[in-house]
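Worksheet: the structure to be examined is printed underneath.
The values are calculated or read from the model by the stated rules, or taken from the named source; none is laboratory data. Remember, it's a predicted structure, so these values are computed and weren't measured experimentally. Neighbour counts are summed over all protein chains in view; Cβ atoms, including those assigned to glycine, are modelled from backbone coordinates with ideal geometry.
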Amino acid sequence: MNEPWLMPEEGDPHLRTWMSFGASQNIWGKKLHDEVRKNLATIAKTIASFEPVHLCVRPHERELAKQFFDDLTNIEFFECALDDLWIRDYGAVYVRAKSGKKAAVDFNFNGWGKKQQHQNDAKVAAMMAEYSGAPLLNTDLCLEGGGIEVDGQGTAIITESCVLNDNRNTDWTKNDCEKELGKLLGLEKIIWLPGVKGADITDGHTDFYARFAKPGVAVAHLDPDTDSPEYELTRRHLEILESATDARGQKLKVVTIQPPLTVRRRFENENFCAGYINFYVCNDAVIAPEFGDKKPDGLAKEKLADLFPDREIVMLNIDGIAAGGGGIHCATQQEP
């Protein structure tokens, strides 16, 4: 009999972090392209001080990528064709069995509903699995890693706007998705948030709205701007989370973090992803964004320190990546 699989919590020990030096100028434009590569290098070097980083690079850009690193300690390049940098979404989602055996799920990345070129990125999950020596678990379900948040004990938070979307999963019911994700990720309970279709390229990924700090404790984005379309949505999400129970039947403790009131003007645009929830938990640290708004930046760091008392909280300027609608979590993928 096959052992059941379980997707570990992000805070469990990592073997390595996967990243992608894959920003394409034809997608980002020259101004952002250069800044994004600097941001990726900053994130990679920061994580590398806590755990190994595997950085996917196009073969012809290997030497170029080296120019962004004065020190490659704990950073290894992995050559492959790439379309863009969002390895959280197109990379393998790793799962484990109780025996310690590891596998990797390929969730059929389709460019967030065929919104962007993705032919190369769609092949990365299989290459990661092969490199890791992990069997590849295939499925007909189409989703992205940024749409899944788990507590490592059978509970997940997932937005309906992504997974229950015809641009990914035509004719899949909520029950169908729950059965398939139960089999692949060991989920016993999914807390469904509505999310929002079409507001961004991802159709409202979970990792912008709500995360687990540990089993039983969630942290949620709460928009204070009454003129923002996110105002009512984030309050609806909070209401759902505060009334939810996890797979063990326990109610969640929910902590909220508000976004900055302002961001630095240089890369500010309508797609700018200004929120602190898109942090990344690596070995012994939490890597989170800062936006130059001192009071909200400071409050966010304090709350993260309270949520993760045994980890160092490192705040980084990632304005280029944020201007493209993403964050640190979107640019990383953990391997247990």
>> Checking LEU181 against (1) farther than 19 Å from GLY325 by Cβ; (2) in contact (Cβ under 8 Å) with a residue 60 or more places away in the chain; (3) surrounded by 21 or more Cβ atoms within 10 Å (Cβ to Cβ): exactly one of these is not met. Which one?
In response: (2)
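At least 2 residues that are modelled with pLDDT of 95 or more, surrounded by fewer than 22 Cβ atoms within 10 Å (Cβ to Cβ) and among the β-branched types (Val, Ile, Thr) in each: list the strands (runs of 3 or more DSSP E) lying fully within the stretch 228-336 that qualify. Give the derivation first.
On the way: elements: 253-257, 280-282, 285-289, 312-316, 333-335.
Per the criteria, 253-257, 312-316.
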> Going by the structure shown, is GLY204 among the small types (Gly, Ala, Ser) and assigned to a loop (DSSP other than H, G, I, E, B)?
Replying inline: yes
> Somewhere in the stretch 132-144, is a residue modelled with pLDDT under 95, small (Gly, Ala, Ser) and surrounded by fewer than 19 Cβ atoms within 10 Å (Cβ to Cβ)?
Replying inline: no
> When both residues are 6+ apart or on different chains and their Cβ atoms are under 6 Å apart, which pairs have a first residue that lies in the stretch 101-124 and is on the phi > 0 side of the Ramachandran plot, and a second that is hydrophobic (A, V, I, L, M, F, W, C)?
Replying inline: ASN108/CYS142; TRP112/ILE201
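How about the stretch 138-157: which of its residues are assigned to a strand (DSSP E or B) and either over 30 Å from THR245 (Cβ atoms) or touching a helix residue (DSSP H, G or I) at 6+ places or on another chain (Cβ under 6 Å) (or both)? Reasoning before the result, please.
First, pick out the residues of the stretch 138-157 that are assigned to a strand (DSSP E or B): 138, 148-150, 155-157.
Residues satisfying the conditions are ASN138, GLU149, ILE157.
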>> Taking the criterion of being of a type in the set (Gly, Ala, Ser), closer than 25 Å to ILE287 by Cα and under 22 Å from the mean Cα position of the chain (by Cα), would at least one residue in the stretch 78-87 satisfy it?
In response: no
